[in-house]
C-alpha cells in the first residue's frame, strides 16, 4: 500500500459494512495497518455485530447502533497503548463485522442410506434431504473457534461441517421417533423441530444455532417402494366390491394384452390374464359373485370305443382285436414283432414292433422258430 492509500485510509472516519452478498458470515473492515482514528464513527446495522480485536484478543463487542470511537467509550481499548494524534490513531485494532441474520439457503442430504428399524418392515434403508437455517448467536465464540483471522468467512466454509452434523443425528432422530416409515411424511415437522433443538445444542460451543430445520422428503429404496405399491394395490382390491373386482380383472387382462402387443411375450400375457382371474376368485367369495345360470344335467354317455387292430400273418388277415385280445394273441405266439398290423387311421400295414400301442404286448415273446432243414 502506497502513501496515497495510507492517507485515504486515514481520512475515512466511518467504520461500517454494507453486505452485498448472501453468504458472508464474517467480514473484516480493511484499514491501513489496522489503525482507527480517534473520533471515528462506527455504524452497526440490524442483523450485525461489530467485534474489536486487538493483538489477537477480543477487546469489545458492539450491538446494532451508531458509536463515536473515543477512549472513554472503549474501556478495554483505553488501557491499550496510545498513539499520537494527526495521521496516527489512538486505536490500533481489527474490526470484524459478524452477520447475525438467518442463512436459510443451506441444503442437506444423505450421501449414503441411513439404516433404521421399522416396526412393520424390519430393517430398512432410507434416504432424506431438505434444508435448514443457521444463525450466529455468539460472535466471540465463532471468531475463536472457526473464523480466526479469515478476512471474509462464508457459509460454504462451514456448510459441509453442518451437513455432517445433520446426517449424524438423523438416524437417531428417526429411530427414537418410533414411527413407521409409511407414516413419516405426517411427522416431518415434528422430527425437524427435534433435530433443530439437538443441532443447536451441539453447535452452541461454536456460537451457531439452527432455528429452523426442514425435512423435504424421506424415501425408501426403489424395490421397497415397488413392493409397497403392490401391497397397496392388493389392499384396495381386497376391500372392494364385485364391481371393483371386475374392474381389476379387466385391468389385469388389458395390461397383459398390451404387453403382448408390445412384444412382451405370450407366456407373460397368459400369466397376467390368469393372475387377474385367480386373484379375483381368491379374494371375492363365490357368494359375492354374479349368480350363474343353473346347470342342466348332461346325458351320461360312454366314450366311443377305439377302432380294433387287424393282424396279417402268412397273407391271411384276422381281427379286429381290442387291447385285451392283442395281449392274448401275443401270449399265444400269433402276435410277434414281425406281424403286420393295421387299424383305421393308419396309412399302411406296419410291423407290430414299430407301433408302441402294440409293441407293449410283445414283452419278451420269442420270435418264430426258423424253418427246419
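Arranged from highest to lowest average of other beta-carbon atoms within 10 Å per residue, in what order do the peptides 326-339, 307-320 appear?
The most tightly packed comes first, giving 326-339, 307-320.
Taking the range 106-145 as the region of interest, what is the percent of Cα-Cα pairs per 5 angstrom bin, listed from the shortest bin to the one with the maximum distance?
6, 17, 14, 12, 13, 12, 11, 7, 5, 2
Could I have the simple spin-label model distance between residue 344 and residue 327, label points 7 Å from Cα toward Cβ, reported in nm to one decimal?
2.4 nm
Which order do the peptides 153-162, 178-187, 210-219 take when ranked by the mean count of other beta-carbon atoms within 10 Å per residue, highest first?
Highest-to-lowest ranking by the protection proxy: 210-219, 153-162, 178-187.
Output the direction-averaged projected area (hull surface divided by four) of the convex hull of the alpha-carbon atoms of the range 103-222, in nm².
That works out to 7.4 nm², a quarter of the Cα hull's surface.
Could you tell me the relative contact order of the range 309-359? Use alpha-carbon pairs under 8 Å, at least six residues apart, and round to a whole percent.
RCO, the range 309-359: 31 percent.
Given 0.36 nm per residue, what is the gain on full extension from residue 357 to residue 123 after removing their alpha carbon distance, in nm?
78.1 nm
Between residue 55 and residue 169, what FRET efficiency comes out of the Förster formula 1/(1 + (r/R0)^6) with R0 = 35 Å and r the beta carbon distance, rounded to 0.05?
0.35
Rg and Dmax in Å for the range 309-359, alpha carbons only: what are they?
9.7, 27
Please give the length that would be gained between residue 18 and residue 46 if that part of the chain were fully extended, namely 0.36 nm times their separation in residues minus their C-alpha to C-alpha distance (nm, one decimal).
Working it through step by step, the gained length comes to 9.0 nm.
Assuming 0.36 nm per residue, please report the length gained on full extension of the stretch residue 187 to residue 111 beyond their Cα-Cα distance.
Fully extending the segment from residue 187 to residue 111 adds 25.1 nm.
All of the numbers you see were taken from the coordinates with simple rules; none came from a lab. Model, not experiment: these values are computed from the prediction. All Cβ positions, glycine included, derive from the backbone under ideal geometry; neighbour counts span all protein chains shown.
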